[in-house]
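The values are calculated or read from the model by the stated rules, or taken from the named source; none is laboratory data. Quick caveat, the model's predicted, so the values are computed rather than measured. Cβ atoms come from the backbone with ideal geometry, glycine included; neighbour counts cover every protein chain shown. SASA here: full protein model, heavy atoms, side chains in, ligands and nucleic acids out. Shrake-Rupley method; radii C 1.70, N 1.55, O 1.52, S 1.80 Å.
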Amino acid sequence: MNEPGRRIEVASDQDVVRVRQQVRTLAVAVKLSLVDQTKLVTAASELARNTLVYGGGGTVDAGRVDNGRRIGIRVVFADRGPGIPDLDLALTDGYTSGNGLGLGLSGARRLVDEFDIDTAVGQGTTISVTKWCR
Ligand SMILES: Nc1ncnc2c1ncn2[C@@H]1O[C@H](COP(=O)(O)OP(=O)(O)O)[C@@H](O)[C@H]1O
Ligand SMILES: [Mg+2]
């Protein structure tokens, strides 16, 4: 059974801070290890920033998930921005179309247990990440 979390609208730097805080609170509540809390918060921060900078803003939904064996935290980032034309390229370490370091997407993928991207040019991007308690 998955409990719906609170939705955060991402339209400013302060909203990215709110995402970090919300994800940290949820991660503590399900007793993710301190290391895993930090990994998830770091991934969420990078992805929320991408939602803001490249997606032109969007939403973040974070909540507890339970697959019957383990509990964890899932965070879903959605925007209706330009989409990602070349996903392999975007996931390459060091690739940026802007002024970043190009380590947000690739780094976030390594920091979580599950990482799913749904993107279409002209439609937008949705990224779902999950961290399970071990
Ligand atoms: N939500 C998004 N919408 C459109 N493009 C995106 C989105 N997120 C990431 N990208 C693309 O993927 C690239 C790599 O992202 P990332 O690894 O976070 O690097 P950076 O943020 O430093 O550019 C971005 O430069 C951008 O071109
Ligand atoms: Mg980034």
Quiz prompt | Angle between the chain longest axis and helix 13-29 axis [Cα atoms, degrees, rounded to 10] | solution = 30
Self-check item: Pairs of Cα atoms farther than 25 Å apart, the chain, %
Solution: 20
Practice problem: Give me the number: length gained by fully extending Asp66 to Thr92, i.e. 0.36 nm times residue separation minus the C-alpha to C-alpha distance, one decimal in nm. | Solution: 6.3 nm
Self-check item: HN-Hα J in Hz across region 97-113 - Karplus 6.51, -1.76, 1.60, θ = phi - 60°, x for Gly and Pro
Solution: 8, x, 10, x, 8, x, 10, x, 5, 5, x, 4, 4, 6, 8, 10, 8
Quiz item: Which whole-number percent is the relative contact order of region 39-134 (Cα, under 8 Å, 6+ apart)?
Solution: 33
Self-check item: Sorted peptide list for 42-55, 121-134, 87-100, criterion being average Cβ within 10 angstrom, highest first
Solution: 42-55, 121-134, 87-100
Quiz prompt | Under Karplus coefficients 6.51, -1.76 and 1.60, residue-wise ³J(HN,Hα) of region 76-90 in Hz, glycine/proline x | solution = 10, 10, 9, 9, 10, x, x, x, 10, x, 10, 5, 4, 5, 4
Quiz item: In whole Hz, what ³J(HN,Hα) sequence does region 123-131 give by Karplus (6.51, -1.76, 1.60; θ = phi - 60°), x for Gly and Pro?
Solution: 10, x, 9, 10, 10, 10, 10, 9, 10
Practice problem: In whole angstrom, note down how far apart the Cα centers of region 18-62 and region 85-134 are. | Solution: 13
Quiz prompt | Relative contact order (percent, whole number), region 1-87, Cα cutoff 8 Å, 6+ residue spacing | solution = 37
Quiz item: In the Gaussian network model of the chain, springs joining C-alpha atoms below 10 Å, which of Arg110, Arg74, Arg18 carries the largest mean-square fluctuation?
Solution: Arg110
Quiz prompt | Dimensionless Rg/Rh of region 57-129 - Kirkwood Rh, Rg from C-alpha atoms | solution = 1.01
Exercise. Could you provide, to the nearest whole Å², the per residue accessible area of the chain with probe 1.4 Å?
Key: 55
Quiz item: Nearest 10 degrees, 0 to 90: what angle lies between the long axis of helix 34-53 and the longest principal axis of the chain (Cα atoms)?
Solution: 30
